Amino acid sequence: MIRKTVLLHCDPVRAFGLFTERAGEWWPLDRRHTGDRESEIRILATGRFFERARDGREVELGRVRVWEPPGRLVLDFYPGTDADHPTEVTVGFAAEGEKTRVTIEHRPTEASAELFTQRNALFEASWDLVLRAFAEAALHNR
Amino acid sequence: MHALDALGSPVRRQILKKLNKAPLSVGDLAEKFPVSRPAISRHLRVLEDAGLVESRGEGNRSLYSVRIQGFAPVREFLDEFWDVALARLEELSKR
């Protein structure tokens, strides 16, 4: 499991709102599936979790499993794998004085358990490819 | 399609090796392989959907290049994702 926390400079209600309504502003720019760095990312109470490029193209990024503002959110998560092999993200929001502790717990599901670990022969094969490619590129650029 | 499935095809692995040396268009690749342009386009679409290559428009053609972060193992990919995401979220909460 991956566990990460951060302390936000606001109360849990605003923290939950920033996480869900303004996801396009915190989602890493180089991890946009539409290729549009200014795409919108929406995490909705209806259950949809998707990205929309400025030209209207949409990509599903997962599903909202649990929507419990302002304390808890659980998402099926496709980036890194795909819809057939989702991982699961639990996001907790807890007041700490005037601030909010956000805790991310990111786990594999049964479908993605094998993919999650690095001891996958196919991943090693792909690393092999990358390393060889790097070596070739280094020679090429010399 | 997942990166692992995309890498399952020998032609796609060969395409990746070519693209790693220099960005190429569909036409450039079609000259190097004994397969049709539409077939090359289909392979590129699979690689692009899997996050292994990216395209950018240059003049009236698209140039394809290898997207190195697409090769990271899932756990590492997600770990880095949250490091960047949470740092950005913290910044957002200060505004």
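The values are calculated or read from the model by the stated rules, or taken from the named source; none is laboratory data. What you are looking at is a predicted structure, and each value in this text was computed from that prediction instead of being measured. No Cβ is skipped: glycine too gets one built from the backbone with ideal geometry, and neighbour counts run over all protein chains shown.
Let me spell it out: the conditions are (1) at pLDDT 50 or above; (2) over 16 Å from A:K4 (Cα atoms); (3) more than 10 Å from every other protein chain (Cβ to nearest Cβ), and A:A133 meets all of them except one. Which number is the exception?
Just one mismatch for A:A133, condition (3).
Per-residue answers, yes or no, for (1) touching an Asp or Glu at 6+ places or on another chain (Cβ under 8 Å); (2) of a type in the set (S, T, Y); (3) modelled with pLDDT of 95 or more; (4) at positive phi:
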| site | (1), (2), (3), (4) |
| --- | --- |
| A:P12 | no, no, yes, no |
| A:F19 | no, no, yes, no |
| A:L29 | no, no, no, no |
| A:H33 | yes, no, no, no |
| A:E38 | no, no, no, no |
| A:L44 | no, no, yes, no |
| A:F49 | yes, no, yes, no |
| A:D55 | yes, no, no, no |
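Please identify the pairs in which a residue from segment B:15-26 that is within 8 Å of another protein chain (Cβ to nearest Cβ) has its Cβ atom under 7 Å from the Cβ atom of a residue that is assigned to a loop (DSSP other than H, G, I, E, B), counting only partners at least 6 apart or on another chain.
Going by the 7 Å Cβ cut-off, the qualifying pairs are B:L16/B:L52.
Condition first: modelled with pLDDT of 85 or more, touching a strand residue (DSSP E or B) at 6+ places or on another chain (Cβ under 9 Å) and acidic (D, E). Can you find one or more residues in segment A:112-127 that meet it?
There is no residue in segment A:112-127 that is modelled with pLDDT of 85 or more, touching a strand residue (DSSP E or B) at 6+ places or on another chain (Cβ under 9 Å) and acidic (D, E).
Any chance segment A:74-95 includes a residue that's under 16 Å from B:R88 (Cβ atoms), away from chain B (no Cβ under 12 Å), touching a residue at least 12 places away in the same chain (Cβ under 8 Å) and surrounded by 15 or more Cβ atoms within 10 Å (Cβ to Cβ)?
No: segment A:74-95 contains no residue that is under 16 Å from B:R88 (Cβ atoms), away from chain B (no Cβ under 12 Å), touching a residue at least 12 places away in the same chain (Cβ under 8 Å) and surrounded by 15 or more Cβ atoms within 10 Å (Cβ to Cβ).
State all residues of segment B:27-62 that are of a type in the set (S, T, Y) and touching a residue at least 24 places away in the same chain (Cβ under 8 Å); if no residue qualifies, say none.
Of the residues in segment B:27-62, the ones of a type in the set (S, T, Y) are B:36, B:41, B:55, B:62.
Across segment B:27-62, the qualifying residue is only B:S62.
For segment B:1-89, please list each of the helices (runs of 4 or more DSSP H) lying entirely inside it that holds at least 2 residues being exposed (fewer than 15 other Cβ atoms within 10 Å of the Cβ) and modelled with pLDDT under 90. Don't jump to the end; show me each part of the working.
Values: elements: B:3-6, B:10-21, B:26-32, B:37-49.
Correct list: B:10-21.
Being of a type outside the set (F, W, Y), within 10 Å of chain B (Cβ to nearest Cβ), touching a residue at least 12 places away in the same chain (Cβ under 8 Å) and closer than 22 Å to B:L78 by Cβ, is that true of even one residue in segment A:37-54? Give the steps one after another, and end with the answer.
So the first thing to find is which residues in segment A:37-54 are of a type outside the set (F, W, Y), and the list is A:37-48, A:51-54.
Narrowing further to those that are within 10 Å of chain B (Cβ to nearest Cβ): none.
No, because not a single residue in segment A:37-54 is of a type outside the set (F, W, Y), within 10 Å of chain B (Cβ to nearest Cβ), touching a residue at least 12 places away in the same chain (Cβ under 8 Å) and closer than 22 Å to B:L78 by Cβ.
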